[in-house]
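Throughout, read-outs are computed from the coordinates displayed, never taken from laboratory work. Remember, predicted model here, so these are calculated numbers, not experimental data. Positions of Cβ are backbone-derived with ideal geometry, glycine not excepted, and every protein chain shown enters the neighbour counts.
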Ligand SMILES: Cc1cc2nc3c(=O)[nH]c(=O)nc-3n(C[C@H](O)[C@H](O)[C@H](O)COP(=O)(O)O)c2cc1C
Ligand code: SF4
Ligand code: SF4
Ligand code: FES
Ligand code: FES
C-alpha cells in the first residue's frame, strides 16, 4: 500500500497548496442548477474581468452546495483567508466582487459566510454553515458537494477519499458486509431494504459472473438529489461501487443513468478515467488482485425503468417491463446472473461507513432508520434546495426551520413522488423515517419533498400524479393500465365540476384494487396520491363536487377572471397582453373583462399583480 | 432514401456488432444523436444490421420518451412538467406554447421554427417553473415572460 501513501501525499499537498495559494482563488458553483440560474454567465464574466484587470487568480468549478435559492454562488479565497461565499451573483456583482472585494476596498458587498470549518467568526463574518438552511443539516453523503472540484481526484483523496476502500480491501467481503449490517443502512432508492442483507444474498447466490448495478435513473419528476450528488462528488459513488463489488464478488458494474443528466454523465466519465489511472478501478485494484470495471448505460426516459427488473430488461436492450419476483435479481438478474442493484445515495454513503465504522453511522437516525437522508426541498417554500438531515427529523423542522416555510399558509407536503402521498398539517411533527411515513399513507421514496400552500389544489395534484403514472404504466398488467386511466378520468371529471358524490367511493375502491393487484411498485403505489388526498383533504373534493368550486382557484373550469373595479387604475397593461381582446376600457377608467372571450390564460393576472402602475385588480375566483 | 442519413446511420452501426440486439437502445441513442430523430430509413438500416423486425424496433423505441420520430425544428422547446414546476403553474406555460405555436407536444411547427416536448423535471426545481429552449434554461417563468422570450427567437 506504499503506492496509496504516495498518492495521498501528493493529493494532500495539492489541496493544502490550494488553501494557501498566494494568489486569490475563485470557486463557482456549476451544477446544472447553478448553470440554470446563470453560473455560466458568471464564469464568463470572471474570466473576462480577471484578464482585463490582470488579476492573477485561480478559477475553479465546484458542484452544488445545496441552497438553490441562493444560486449562483461564488466563493472568493483571498490569500491568508478562507473561502468567503457570495450569493445570487450576476455579471455586475461579479465585476464589483473582483474589484472592490478583492482589493479590500470598503464595499457594500458582504459575504454570506465563510467556509472555514474550524472557526466561528472571521472579521465579523459568520460561518456559512450557521445559516438557518444549513444549521440543522448533517452532511455525510453531501460532505464534498460544492467544496471540491468534482473533476479533480486529488481533492477527493485529500478529503479522506479511498480510505474506506482501503479498509474494505483489508476487511474482505464478509467483513464489509458485517460492517454495513452494523450500520443499519437501508436502501435510499425508495423501498428501504437493508443493504447489508441484500449484499449477502447476492454474495451467497450461485452463478457467475455477478453484476453490480447502480440505479441512477431518478425518475421521480421533482427530485434531483442523485443528480446533484453525482455532479458534485462522483468519486463517492464510484468508491462505494468498488467496495460493493468487492463484497458481492462482481467484476463488472453498470451505472444506469438518465440521459437527461448530461453533466453528471460527463463528470462520472472523467472520474472513472482518473480512478483507473491511479489504480482505484480497473485491473488489479491497489495491487490486491481484485479487478472491477464500470460501464455507463444511458436510460432513455421511462419512469418504470427505475424498477429493478425493468431496469435490467432495459440494460439488456428490451422494452423496460417489470417481471414478477421471485426470482429476485440477487439470484437471477442481468443476463440471468446474480445481480445487486443499489441507488446512488446508498452507494455513495458506503465509503464513509467503512471509514468511520458501522457503529458510528448507526449513531444517527431512529431505531429502525439509521443515518441521514438527502431531500430535494421544493415547491412553495422560501429556501428551496438540496438538504441532508438525520433520519427522524420532523417534517416541521425540515420545512420551517431549514426551508423557512411557505410564504402563504402551509397546506400540505408531498413525499415519495408519484408513489407517495400528500400529508396535511397534522403530520408536521411526524419524525421522518421509513415506518412513520408509510404508516401515514405516504412513503419515504427517494427524497422529493414538495411543499404546498393554500394556492395548491389537492385534487389537481392528485390528477397530476395519476396523469403521470397512467402515462408511465408499462401496460403489462390490466389493473395498473386500466385502473390508473379510470382514476384519472374520474379526477378530470371532478376538476371540471362534473363530479358526483359516489365518485369518492369509486376512487377509493379502484385505488385499493390497483394497489393490491398490480405486479410492480409503480402500480402498487400509484393510487397513493389520490387515496391520501381523499383521506386528508376530503373537504376540497367535496367543494369541487358539491359547490363546483375550486378553493385554491386552480382548476380552470371552475374559476373566472374578474376585474375589481375599485382597484383598477385603468393602466391598460392587461389590454396589451390579453391574446383574445377580452379586456376593454378607456385609459384611466376601470376596465371590463368579457368572460365569453376569456380563455383563462393568466397573462392579465400576472401583469396586474407585478406591474408597478397596475392596481392588483384582477382576481381569479 | 436520404443519402446523408443512410451514410451516417451506417457509420454509426459499424461501431456495434451485428445481430446483438442488447445494444439496440444504445444504437437508437447514437443514431438520434447524429440525425436528431429516428427516420424510417434509419430504422430500416438498424433492422437489417441487428436482424430484428422493424416492429420490434418500434416497440422498443416508442416505449422510451427520449426517442423522436419527427425532424426537430430550428429551436427545441422543452417544457418542464415535473411536480415542482406543476405546482408553480407549469400548465399555464404549456397552454401558452400550444396556443401560440399551434402544435402539441411531440410536434414541430409548420415553418420548422420550433419543436415542442414535455420533460419530467430538469433538475432545477428550485427555479420552477422552467422552460428549456435549446441549451438555455429559462427559470421562474411566467406566461407574459414566456411570450416575450418566444418573440426573441428567429
Ligand atoms: C416504478 C418504480 C420506479 C423506481 N425508480 C427508482 C429510481 O429512480 N431510483 C432508484 O434508486 N430506485 C428506484 N426504484 C426502486 C428500485 O426498484 C430499487 O428498489 C432500488 O434501486 C434499490 O436500491 P436501494 O436498495 O439502494 O434503494 C423504483 C421502483 C419502482 C417500482
Ligand atoms: S404495475 Fe403497472 S408498471 Fe408495473 S408491471 Fe404492472 S402495468 Fe407495468
Ligand atoms: S386570462 Fe387571458 S384571455 Fe382571460 S382576460 Fe386575462 S389575458 Fe385575456
Ligand atoms: S442550486 Fe444546486 S441543487 Fe439546487
Ligand atoms: S420539476 Fe421542473 S425542474 Fe424539477
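Figures for the structure shown
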| quantity | calculated |
| --- | --- |
| Helix-derived mean residue ellipticity, 222 nm - over the protein assembly as shown, DSSP H n ≥ 4, -39500 (n - 2.57), to 500 | -12000 deg cm²/dmol |
| Spatial separation of Cα centroids for segment A:189-253 and segment A:25-44, in angstrom | 30 |
| Compactness of segment A:507-621, expressed as Rg and Dmax over alpha-carbon positions, Å | 20.3, 63 |
| Ranked list, fewest to most other Cβ atoms within 10 Å of each Cβ, for A:451, A:389 | A:389, A:451 |
| Three principal axis lengths of segment A:167-316 [C-alpha, angstrom, descending] | 40, 34, 29 |
| Taking segment A:15-131 and dividing mean pair separation by its residue count, relative contact order in percent (alpha carbons under 8 Å, at least six apart) | 25 |
| Listed residues B:92, B:67, B:37, most fluctuating in chain B (Gaussian network, C-alpha, under 10 Å) | B:92 |
| With Cα atoms, 0 to 90° folded angle of helix B:24-35 axis to chain B main axis | 70 |
| Per residue, the convex hull volume that the Cα atoms of segment A:308-464 enclose (Å³) | 149 |
| Size-normalised alpha-carbon gyration radius of segment B:75-151, reference 2.2 N^0.38 Å | 0.97 |
| Kirkwood Rh (inverse of mean 1/r, distinct Cα pairs), segment B:28-116, angstrom | 14.6 |
| Rg(Cα)/(2.2 N^0.38 Å) for segment A:521-571, N = residue count | 1.74 |
| Footprinting exposure proxy for A:591, A:544, B:138 (fewest neighbouring C-beta atoms within 10 Å first) | B:138, A:591, A:544 |
| Ellipsoid equivalent to segment B:3-63 - semi-axes via the Cα gyration tensor, in Å | 15, 13, 11 |
| Three-way shape label, segment A:1-104, alpha-carbon gyration tensor, a/c 1.5 | oblate |
| Using distinct alpha-carbon pairs, which all enter the 1/r mean, Kirkwood radius of chain B in Å | 16.9 |
| Share antiparallel - DSSP beta bridges, segment B:75-151, percent rounded to 5 | 55 |
| Cα centroid of segment B:36-76 to Cα centroid of segment A:473-490, whole Å | 27 |
| Rel. contact order, % - alpha carbon contacts under 8 angstrom, at least six apart, segment A:291-429 | 11 |
| Percent of beta bridges antiparallel (DSSP, segment A:15-131, rounded to nearest 5) | 65 |
| Relative contact order computed over chain A (Cα-Cα under 8 Å; 6+ residues apart), in percent | 11 |
| Two-decimal log10 I(q)/I(0) for segment A:560-620, as the Debye equation yields it once each C-alpha is a single scatterer, q = 0.19 Å⁻¹ | -0.54 |
| Kirkwood hydrodynamic radius of segment A:371-471, from inverse mean 1/r over distinct Cα pairs, in Å | 13.4 |
| Compactness relative to 2.2 N^0.38 Å, alpha carbon Rg of segment A:362-417 | 1.17 |
| Radius of gyration, Dmax [the protein assembly as shown; alpha carbons; angstrom] | 26.8, 85 |
| GNM top mover of B:78, B:54, B:118 - chain B, alpha-carbon springs below 10 Å | B:54 |
| Shape of segment A:301-385, Cα gyration tensor, a/c cut at 1.5 | oblate |
| Antiparallel DSSP beta bridges within the protein assembly as shown, as percent of all bridges there, nearest 5 | 55 |
| Principal axis box of segment A:166-252, alpha-carbon based, largest edge first, Å | 37, 27, 26 |
